[in-house]
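S.K.: One structure, as structure tokens, below. Some questions next.
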Amino acid sequence: MNILAFDTLDSTNTRALAMAGAGADPETVIWAHRQTAGRGQQGREFASPPGGLYFSLLLQPELVPEQLSLVTLAAGVGCCRLIERSCDLDVDLKWPNDLYCRHRKLGGILTETTPVTGKGSVMVVIGVGINVNTPVDEFPEEVQPLVTSIGALTGKLYDLRALLHCIVEEIIQQVQTLQRNPDKLLALWKEHDYCKGQTITWETGHRCITGIGRGLLDDGRYSLEDQSGSMHAILAGRIQPVFCATKEDK
């Protein structure tokens, strides 16, 4: 593991993608104490105030193309398991990429890929943002009711470098689990499923469908049963529990 630390970056994923294109080795970690243009899913802004843990991990997993989307799920499992073990918190996963604790957002994951020149393979960039020591009032006012941090929940301050090292190791371990035994990885994800059994909305394009979350499918898509009883296998878009579906989730 090679950790490259920065005080401020626009986006750790942007820097990691550039480094991957320039030949950086797998297991390189780009870590920034602050991001000025953090990116979330579908181009949304990811709020990145000081005190959070913001990093991107480069990996070159041995996966077939249709399995690459599962890397996000593996990273989520890794983050969940490490936080639960180290911080004594129960953490949930909202498909495909958000960490939740006590019904508030604790962090998010953005996974991107880039070709490896001359090798016929791809480098996966796993971007992770976790609210660790950040007071909730440091977030934009409109999202403060929707977010939390590890420190706010436990009343403790955490060594970000030590936490970074442990989380990266756990993510690597879970990606290895995905390579060896995808069914086991999906089973681990299902243990943390935040939306199963909840009323949720699915926003995709100009459509918004409301129904009940029925859980993760074997191919990594998410299942929703709409109000007419029809089943939808969600591959893309945004799902959100109804109780906060009208608010911005950052």
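No lab work stands behind these numbers, since they all come straight from the coordinates. The structure presented is a predicted model; accordingly, all values stated were derived computationally and were not measured. Because the Cβ atoms are built from the backbone with ideal geometry, glycine has one as well, and the counts that use them run over all protein chains shown.
S.K.: Test of understanding: express the Cα radius of gyration of the stretch 199-244 as a ratio to 2.2 N^0.38 Å, with N the residue count.
M.R.: 1.03
S.K.: Near the amide H of Met123, under 5 Å away, which other amide H atoms are found, from residues 5 or more places off or on another chain, if H is placed in the peptide plane?
M.R.: The answer is Thr114, Val116.
S.K.: Work out from phi, with θ = phi - 60° and the Karplus expression 6.51 cos²θ - 1.76 cosθ + 1.60, the ³J(HN,Hα) of each residue of the stretch 206-216, listed in order in whole Hz, and give x for Gly and Pro.
M.R.: Going residue by residue, I get 9, 9, 9, 10, 9, x, 10, x, 10, x, 6 Hz, with x marking Gly and Pro.
S.K.: Quick one: which residues, 5 or more positions from Thr111 or on another chain, have an amide H under 5 Å from its amide H? H modelled 1.01 Å from N in the peptide plane, none for Pro or chain starts.
M.R.: For Thr111, whose amide H was placed from the backbone, the distant partners under 5 Å are Gly127.
S.K.: Let me ask something additional. Given the options Lys184, Lys94, Lys196, which has the most mean-square fluctuation in a GNM of the chain, springs set between C-alpha atoms less than 10 angstrom apart?
M.R.: Lys184
S.K.: Ordered by residue, what ³J(HN,Hα) values in Hz, to whole numbers, does the stretch 218-230 give under the Karplus form 6.51 cos²θ - 1.76 cosθ + 1.60, where θ = phi - 60° and Gly and Pro are x?
M.R.: So the J values, rounded to whole Hz, are 5, 9, x, 6, 10, 9, 10, 9, 7, 5, 8, x, 6.
S.K.: Let me ask something else about it. Among Val143, Val91, Val64, which one shows the biggest mean-square fluctuation in a GNM of the chain, springs joining Cα atoms closer than 10 Å?
M.R.: Val64
S.K.: Quick one: what are the phi-derived ³J(HN,Hα) couplings along the stretch 188-205, Karplus 6.51/-1.76/1.60 with θ = phi - 60°, whole Hz, x for glycine and proline?
M.R.: Once θ is set to phi - 60°, the couplings for the stretch 188-205 become 5, 4, 4, 5, 10, 5, 6, 9, 4, x, 9, 6, 9, 10, 10, 9, 8, x Hz.
S.K.: Okay, moving on. With n ≥ 4 as the cut-off for DSSP H runs, can you work out [θ] at 222 nm for the chain, using -39500 (n - 2.57) per run divided by the number of residues, rounded to the nearest 500?
M.R.: After summing the helix terms and dividing by residue count, I get -8000 deg cm²/dmol.
S.K.: Can you pull the percent of Cα pairs in the stretch 75-125 with separation above 18 Å?
M.R.: Taking all Cα-Cα pairs of the stretch 75-125, the fraction more than 18 Å apart is 42 percent.
S.K.: Using +1 at the C-beta of Lys and Arg and -1 at the C-beta of Asp and Glu, which of Ser228, Trp202, Leu216 has the Cα lying farthest in the positive direction of the dipole of the stretch 199-244?
M.R.: Trp202
S.K.: Amide H of Glu27 versus every other amide H placed in the peptide plane: which residues, excluding those fewer than 5 positions away on the same chain, fall under 5 Å?
M.R.: So Glu27 has HN proximity to Leu58, Leu59, Gln60.
S.K.: Could you tell me how many cubic angstrom of Cα convex hull volume the stretch 2-190 has per residue?
M.R.: It comes to 108 Å³ per residue, whole-number rounded.
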